[in-house]
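Let me begin by presenting the structure, written as structure tokens, before commenting on it.
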Amino acid sequence: MEPVSGLVAKSAPSRMSFYTAIYLTSVLLPGAVVVTELLVLCVHLARRGQSDIAFIMNTLANVKGAAIVVLVLVAVAASFVIGYLAREVGFKLTALVERFDRRKAAPTLPASWARIRVSFGDDFAERLAGLHPILRHLDSHEQRRDDALDRSLPAGGGHQANASLHLFSYSKLWLRGRAPALSVDNTEAEINILVSTIVPVLLVALDATVLSGTPVAVKIIALPGAVLISLAIMAAVLRLRKTEQGEALRNLAFDFAMREAEAKYPTVERGAEEEAA
């Protein structure tokens, strides 16, 4: 078996459970919320009445027998598709904000690499780059040219395709397969969950604004409040994304340092035993 194939086979069950949790919390559940909000909005526009929610509840209560199974299957399928699309919209909006933020802030990975050089020394950094040649991108003076060459490549999650993204992905995959205790998967899950809340927040404000019977004060503050909440969510996502990138590279260095230290422990212990004898 090829080394990479063995690594994938070894980590496949844990990866499946991780992605199952990701899709439940950032796609299916938010999708169900969005479907409900869209249903309420559509019923209101169609009926223009005072009891939109009551009408929906009464209609659902009249569903009997096999129709319940069909309704549940349709609801789950619609929640998954709409939730996935809503999360993509959240990523796109966050990417737009990130473009403005990137002009003001220093790149995360070069800064993290500089910190590794300061903390562990240049000799350690050279040994680490010798094992992971992709790290030499961070010492290259042609980084901008390399990034420009990659902009046409596809990238998910609102990322911009560039050499830094390849390095970040490499670090994540190494940690995920070789050092799970140092993995940044929890941060990735938190980012997905936060991004998936942006569209539901905006839609609930729209519902509150157009629905009959909503207090005037709520109508006034609903949309501005939702925009502010969405901006706060995006700011948190951008902070977590920088944290995720910096920690992925830092933990890659930690993994190498720990392996080197572990390899030296038997030698140190044998030396101590020989001195004691």
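Suppose we filter Ala105, Ala75 for residues that are among the hydrophobic types (A, V, I, L, M, F, W, C) and at pLDDT 90 or above; which single one remains? Don't jump to the end; show me each part of the working.
Details: Ala105 fails: at pLDDT 90 or above.
Just one listed residue meets the conditions, Ala75.
In the stretch 207-219, the residues that are open to solvent by 40 Å² or more (accessible area, probe 1.4 Å) reach residues that are outside any loop (DSSP other than H, G, I, E, B) and at pLDDT below 80 with C-beta atoms within less than 8 angstrom, at least six apart or across chains, in these pairs: Ser212/Asp52. Would you mind stating whether Leu238 is within 24 Å of Gly31 (Cβ to Cβ) and either open to solvent by 30 Å² or more (accessible area, probe 1.4 Å) or not in a helix (DSSP H, G or I) (or both)? Here the answer is no, as Leu238 does not meet what is asked. Residues satisfying the criterion are absent from the stretch 242-256 (criterion: open to solvent by 10 Å² or more (accessible area, probe 1.4 Å), more than 22 Å from Trp113 (Cβ to Cβ) and either among the charged types (D, E, K, R) or in contact (Cβ under 8 Å) with a residue 24 or more places away in the chain (or both)).
Which of the residues spanning the stretch 135-167 are part of a helix (DSSP H, G or I), over 20 Å from Met258 (Cα atoms) and at pLDDT 65 or above? Spell out how you get there, then give the answer.
Kept after step one, since they are part of a helix (DSSP H, G or I), are these residues of the stretch 135-167: 135-139, 143-149, 163-167.
Now restrict to residues that are over 20 Å from Met258 (Cα atoms): 136-139, 143-149, 163-167.
Residues satisfying the conditions are Arg136, His137, Leu138, Asp139, Ala163, Ser164, Leu165, His166, Leu167.
Scanning the stretch 70-90 for residues that are under 16 Å from Leu203 (Cα atoms) and touching a residue at least 12 places away in the same chain (Cβ under 8 Å) turns up Ser79, Ile82, Gly83, Tyr84, Ala86, Arg87, Val89, Gly90. Identify, please: which residue in the stretch 171-206 is open to solvent by 40 Å² or more (accessible area, probe 1.4 Å) and of a type in the set (S, T, N, Q) and is, among those, modelled with the lowest pLDDT? Restricting to residues being open to solvent by 40 Å² or more (accessible area, probe 1.4 Å) and of a type in the set (S, T, N, Q), the top hit is Asn186. Condition check for Met16 on (1) open to solvent by 50 Å² or more (accessible area, probe 1.4 Å); (2) under 28 Å from Ile191 (Cα atoms); (3) modelled with pLDDT of 90 or more: one failure, at (3). Candidates in the stretch 51-67 are the residues that are of a type in the set (Val, Ile, Thr) and open to solvent by less than 80 Å² (accessible area, probe 1.4 Å); of these, the one that is modelled with the lowest pLDDT is Ile56.
The values are calculated or read from the model by the stated rules, or taken from the named source; none is laboratory data. Everything quoted here is computed from the prediction, not taken from an experiment. Glycine also receives a Cβ, built like all others from the backbone with ideal geometry; neighbour counts cover every protein chain displayed. Calculation scope for accessible area: heavy atoms of the full protein, side chains included, ligands and nucleic acids excluded. Shrake-Rupley method; radii C 1.70, N 1.55, O 1.52, S 1.80 Å.
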